[in-house]
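Reviewing the structure listed below.
No value in this document is a laboratory result; all are computed from the given coordinates. Computed from a predicted structure; not experimentally measured. Positions of Cβ are backbone-derived with ideal geometry, glycine not excepted, and every protein chain shown enters the neighbour counts.
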Amino acid sequence: MALLAGRTVLLRAGVRLGAEAATRGGNGARRFASHRVLVEPDAAAGIATIKLKNPPVNSLSLEFLTELIICLEKLENDKTFRGIILTSDCPGIFSAGLDLREMCGKNPAHYAEYWRAVQEIWLKLYLSNMVLVAAINGASPAGGCLMALTCDYRVLADNPRYRIGLNETLLGIIAPFWFKDNLVNTIGHRAADRALQLGLLFPPTEALQVGMVDQVVPEDQIHSTALSVMSQWLAIPDHARQLTKSMMRKATADHLIKQREADIQNFVSFISKDSIQKSLQVYLEKLKQKKH
Ligand SMILES: CCCCC/C=C\C/C=C\C=C\CC(=O)SCCNC(=O)CCNC(=O)[C@H](O)C(C)(C)COP(=O)(O)OP(=O)(O)OC[C@H]1O[C@@H](n2cnc3c(N)ncnc32)[C@H](O)[C@@H]1OP(=O)(O)O
């Protein structure tokens, strides 16, 4: 069982926490990994590196999101850790965003369950008491970008194929208001207005210019840079940093929390429309045919 938004929910079949590996790392810290979320703890430094491993593209399926939510809950409750580095184990891809197959051809109850999990991961990451550094080592569209935007600092590997942004309009869908709020808080209103309407995916140089990421570094330096940024952030006393983070983020998170059920209903009715289903299917088909 896992706690989702204060409710205890049964994990769907297939998400078997019993299948977790729990071993001790070299420094004595407990190392745990589910199928798709690898955690590399450095207890001495108080840092855990989370590696997303849902090949081929780290799309955020319901099962993957559920594993990630559980992993974050565990880390948040473990006083050993003060910081998380969020990165990918899939070469060239940070995350392809929400799993389009969860939003196509399913029933309203499924859409509602899925959307609640999407809200939950965002709230968990955005309101985390820990320092979150995104080491973005691959393409990061839509929901992948959103995950990075929840972090306190973003380092992007310098590769023109690693584009980042909220490209929802290109799929014929709309970024929800809380995706938009998170983006506005990061790059400002004018840049967000343009980026959202055009569904812009920024290559590294432009992402840095617009403020979507804080640093662009050669690919082989991404982890060392994330570690050095982390040590700078961890030098700040936790209570002062955490209260400041909460002061900066609470209003944005409360905006969603207050409208959570209405947001789920909006999503379900929007995504169930025939025209939206058609757009998503066409987009998925294009992705599949790209290779042929
Ligand atoms: C008024 C009320 C409003 C309420 C709100 C309403 C709506 C909001 C709803 C939703 C918001 C959604 C946000 C999202 O995150 S949507 C997802 C957007 N993601 C993308 O556009 C990325 C698509 N993928 C890519 O561009 C490329 O795959 C990528 C650059 C990531 C990697 O390229 P690469 O060439 O390496 O790999 P591919 O060959 O393209 O893909 C391999 C394999 O994976 C499948 N796939 C890719 N992305 C997804 C995905 N997001 N979901 C599911 N599956 C994906 C792809 O089809 C290939 O499959 P196969 O051919 O091997 O079977």
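With Cα atoms as the point set, the radius of gyration and Dmax of the stretch 142-195 evaluate to 11.2, 30 Å. Within the same chain, lysines fewer than 8 places from residue 245 are excluded, and of the rest, those with a Cα less than 28 Å from its Cα are 51, 74, 79, 124, 180, 258. Across 171, 196, 183, mean-square fluctuation computed from a Gaussian network of the chain (C-alpha pairs under 10 Å connected) peaks at 171. What size of dipole, in debye to the nearest 20, comes out for the stretch 189-292 about its Cα centre when the only charges are +1 on Lys and Arg C-beta atoms and -1 on Asp and Glu C-beta atoms? The dipole of the stretch 189-292 has a size of about 320 debye. Modelled this way, with points 7 Å down the Cα-to-C-beta line, the labels at residue 215 and residue 281 are 4.7 nm from one another. Pair-distance distribution of the stretch 101-233: all C-alpha pairs, bin width 10 Å, starting at 0; shares per bin in whole percent are 12, 41, 34, 11, 1. The equivalent ellipsoid of the stretch 209-292 has semi-axes of 37, 27, 9 Å, largest first, where each one is the square root of 5 times an eigenvalue of the Cα gyration tensor. For residue 250 and residue 76, the FRET efficiency from 1/(1 + (r/R0)^6), where r spans their Cβ atoms and R0 equals 22 Å, is about 0.85. By DSSP, the beta bridges lying fully in the chain are antiparallel in about 40 percent of cases. Loop-resident trypsin sites (Lys or Arg not before Pro) (DSSP state other than H, G, I, E or B) in the stretch 80-148 with no more than 11 further Cβ atoms inside 10 Å of their Cβ are absent. Calculated on C-alpha atoms, the gyration radius of the stretch 46-153 divided by its Kirkwood radius gives an Rg/Rh of 0.96.
Computed from the alpha carbon positions, the gyration tensor of the chain leads to an equivalent ellipsoid with semi-axes of 28, 23, 20 Å, biggest first. When +1 charges are put on Lys and Arg Cβ atoms and -1 charges on Asp and Glu Cβ atoms, the dipole computed for the chain relative to its Cα centre reaches about 360 debye.
Using C-alpha pairs below 8 Å separated by at least 6 residues, the relative contact order for the chain is 15 percent.
Among the trypsin sites (Lys or Arg not before Pro) in the stretch 190-292, those located in a DSSP loop and surrounded by at most 11 other Cβ atoms within 10 Å of their own Cβ are 273, 290, 291.
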